[in-house]
1. From the C-alpha coordinates alone, can you work out the Kirkwood hydrodynamic radius of the range 187-293, in Å?
2. Out of the range 130-230, which chymotrypsin sites (Phe, Trp or Tyr not before Pro) are coil in DSSP terms and have no more than 10 other C-beta atoms within 10 Å?
3. If neighbour count is taken as other Cβ atoms inside 10 Å, put 55, 357 in order from fewest to most.
4. What order do you get for 373, 335, 162 when you list them from fewest to most C-beta neighbours inside 10 Å?
5. Can you pull out the chymotrypsin sites (Phe, Trp or Tyr not before Pro) in the range 282-319 that DSSP calls coil and that have at most 14 other Cβ atoms within 10 Å?
6. Where does each of 196, 397, 285 land when they are ranked from fewest to most other beta-carbon atoms within 10 angstrom?
7. What order do you get for 174-180, 47-53 when each peptide is scored by the mean count of other beta carbon atoms within 10 Å, highest first?
8. Restricting attention to the range 321-406, which trypsin sites (Lys or Arg not before Pro) occupy a DSSP loop and are surrounded by at most 11 other Cβ atoms within 10 Å?
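Read-outs: derived from the displayed coordinates by stated rules, not from any lab. The structure displayed is predicted, hence computed values, not measured ones. When we count neighbours, we look across all protein chains shown, and the Cβ atoms used for this are built from the backbone with ideal geometry, even at glycine.
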Amino acid sequence: MNGQSGRRRCIGLDVHREFAQVAVWQDGLVGQEGRIATTPAELRIFADSLGPADEVALEATGNTWAIATLLASRAGRVVVSNPAKTRAIAEARVKTDKVRRADSGAVAGRGLSARGVAAGRGHQCAAPAGDPPGRPVRARTRCKNQVHAILHRNLVPRCPASDLFGHKGRRWLAEQDLPADERAAVAGLLRQLNFTGEELQLLDAELSKAALDADERGQAVRRLMSIPGVDAAVALAIVAAVGDFHRFRSPEKLVAYFGLHPRVRQSGGRPARHGPITKAGRGHTRGLLVEAAWAASKAPGPLRAFYQRIQARRGKQIAVVATARKLVVLCWHLSVKGEDYAFARPSLLAHKQRKLELRAGQPAARGRKGPASGYYHQAARDAERRLTEQAEHAYRTFIAAWQPTPPSGRRQPPAPTPVGVDVAAATGARLPKPTKGQAARQG
C-alpha cells in the first residue's frame, strides 16, 4: 500500500487490543489490506506508507488516540469515529473475523472517512484532554461504605459524632464490641483510608499549583471560579475534561461533549420532540456540574432566576440539569472570549483563590489582611449581595415579556402551511408545549 501517488484514499481501521484490520476505499471500491499489529514499530511502518492525500478513520477505543497520534504525522487527516453512533458497527450482533473485516470496510467507505465526517455523515470524537483525579475519591468512599456496612451487619448503633472517621469518631469506633475478623477488617480499611487521604492531599496540592500557574489552563481555572457555584474542584475538573475550549466550534458542541443536550426525535412533518439528556461522555464532570448548579441555584444572580423560571414549569430535577447546561454554555463563552463572569462577587472570588493557594502549600498569613479579608466583613458581603440581586431582578424583567404561558383549554390545530412547504421538517420546529417527563428547553 503506497500513498505517495497523490490519489485520494480513505483508509479504515477496525482497532483491537493486539491488531487492527485495514480496509482502503479508493475510486468507489473498498478493498481489504489485512491486519497490522498495534505496536509502535508496526504502526510507524504503516504510517510511512501514507501520504498527504490519505484520510484515515478509526473507531474510538482504549488505544485509539495513541494510534491516531502516530498516524497524524504522515496522513493528510486522521478522524476518530464514535462507534456508538455508527449503525454499521453499533448494530452488529455477531463479531467474527468476517464481520471485523466488514467493520473496517464500513469505517473506510460508509460515511466515516474524513470527508464523510466533514460533510456531517460521520460522528467524529473530540480528543480527550484528560481526566480529573476521581479514583482516589472513589476508593475513599468505598472504604467508608465498607466500614459502615460492617457496623450495620453487627447491629452497632449510629456514631454519636458528626464524622465517624474524625478523631472523635475513631475513638468511638475503637470502643465498639466487634468479632475479631470484623475488627481486623475495620483496621485494614482505616489504614487504606489513611493512605488514600494522603494521596488526595498530594493530588490537591499538585492540582492547586497547576491552577495557580500563569499558563492558559491556570487562567482558565481561575476564570471559571468567578461563576457562582463553581469552586476550584469543579473548575479543575472542567478544564481537565475540556482542555482547549477553542476546539469546540460552539457552546452546543461542548454541551453535547458532556451529554447535557436532550435527545431529539422527529419523523416526517411532525415537530421535533425533545427527550431526556443523552448522558454521553464525561459522567464524572457532568455530576460535578449538576452539583455546581445546585449551589448556583441558591446564590443571588441571573442563574438563580433562570433556575427558578425552569423550576416553575418543569420541577427541580429538570431545572437543575438545565442550569448545569447553562453553566457549560457560560464556561465556553468566558473561556473563548477571555473574560470573567460579569456578575461575580469579588470577595467570594478572592476567598476561593485564597483557599486554592493554601491547598497549594503557600504559608498562612494569620493576623494580616489580604485580598480575601472582605469575605469576612458582613457589610462588604451585603453590598455585593445587593448588586447581584439587582442583576437577578434585571434578568427577571428582561424575560418577563417572553415568558411562556400555558395554553388555555384544548390545543388549537396548527395553522395550515403553504402547499409543498413543510416548516417543521425544514426548520426542525419544536412543539409549542414541552411533553411531560422530557428535558427542559431553554428560552
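1. Final number for the Kirkwood radius of the range 187-293 is 16.3 Å.
2. The qualifying sites: there are none.
3. Lowest to highest Cβ neighbour count: 357, 55.
4. 162, 373, 335
5. Passing both the DSSP loop test and the Cβ count: no residue.
6. Sorted ascending by nearby Cβ count, the order is 397, 196, 285.
7. 47-53, 174-180
8. For trypsin sites (Lys or Arg not before Pro) across the range 321-406 that sit outside H, G, I, E and B with at most 11 neighbouring Cβ atoms in 10 Å, the list reads 366, 368, 369.
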